[in-house]
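Q: The structure follows.
The values are calculated or read from the model by the stated rules, or taken from the named source; none is laboratory data. Note that the structure is predicted; figures quoted are calculated from it, not measured. Quick reminder, even Gly has a Cβ in these numbers, built from the backbone with ideal geometry, and neighbours come from all protein chains shown. Ligands, DNA and RNA are excluded from the accessible area calculation, which covers all protein heavy atoms including side chains. Shrake-Rupley method; radii C 1.70, N 1.55, O 1.52, S 1.80 Å.
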Amino acid sequence: MSFKNSLSDAIAAEARLIILRELAGQTDGRLSSLSIRSILDVHAIRRDGDWIATQLRKLESLGAVELGEVGSTLIAKITRPGRDHVEERAVLSGVARPSEAE
């Protein structure tokens, strides 16, 4: 694996953790992909909507979020496995570990 690929994988894993943490902090556990894009921008992960949708779909495939759509906007809702990862009760492959990201 090249340095570029490993860096891309690390950024994606970190972004997925940021997404889960933000979802866990919401009263209803939900955020739109537009809100998530703004949040990632604050963390210096500036990516387009397609990249963010890919990360959300990866989290969905891991069972960490449920996705819905309103028009072309994705709505993510954290699930129990996603919360368990954020709270360090379980580990999701492809998502940075909270204790290692601090």
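Q: Would you check which residues across the range 79-89 are without any contact (Cβ under 8 Å) to a residue 40 or more places away in the chain and not in a loop (DSSP other than H, G, I, E, B) and list them?
A: Hits for the range 79-89 are Arg80, Pro81, Asp84.
To keep it simple, each residue is scored yes or no on (1) touching a residue at least 24 places away in the same chain (Cβ under 8 Å); (2) open to solvent by 50 Å² or more (accessible area, probe 1.4 Å).
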{"site": "Ser8", "(1), (2)": "no, yes"}
{"site": "Ala12", "(1), (2)": "yes, no"}
{"site": "Ile18", "(1), (2)": "yes, no"}
{"site": "Glu22", "(1), (2)": "no, yes"}
{"site": "Thr27", "(1), (2)": "no, yes"}
{"site": "Ser38", "(1), (2)": "no, yes"}
{"site": "His43", "(1), (2)": "yes, yes"}
{"site": "Asp48", "(1), (2)": "no, yes"}
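Q: Inspect the range 43-55 for any residue being in a loop (DSSP other than H, G, I, E, B), hydroxyl-bearing (Ser, Thr, Tyr) and out of contact with any His (no Cβ under 8 Å at 6 or more places or on another chain) and give the result as yes or no.
A: no
Q: Same structure again: In the range 56-78, which residues are open to solvent by 20 Å² or more (accessible area, probe 1.4 Å), part of a loop (DSSP other than H, G, I, E, B), modelled with pLDDT of 95 or more and over 16 Å from Asp9 (Cβ atoms)?
A: Across the range 56-78, the qualifying residue is only Gly63.
Q: So Leu92 fits all but one of (1) surrounded by 11 or more Cβ atoms within 10 Å (Cβ to Cβ); (2) part of a helix (DSSP H, G or I); what number is the exception?
A: (2)
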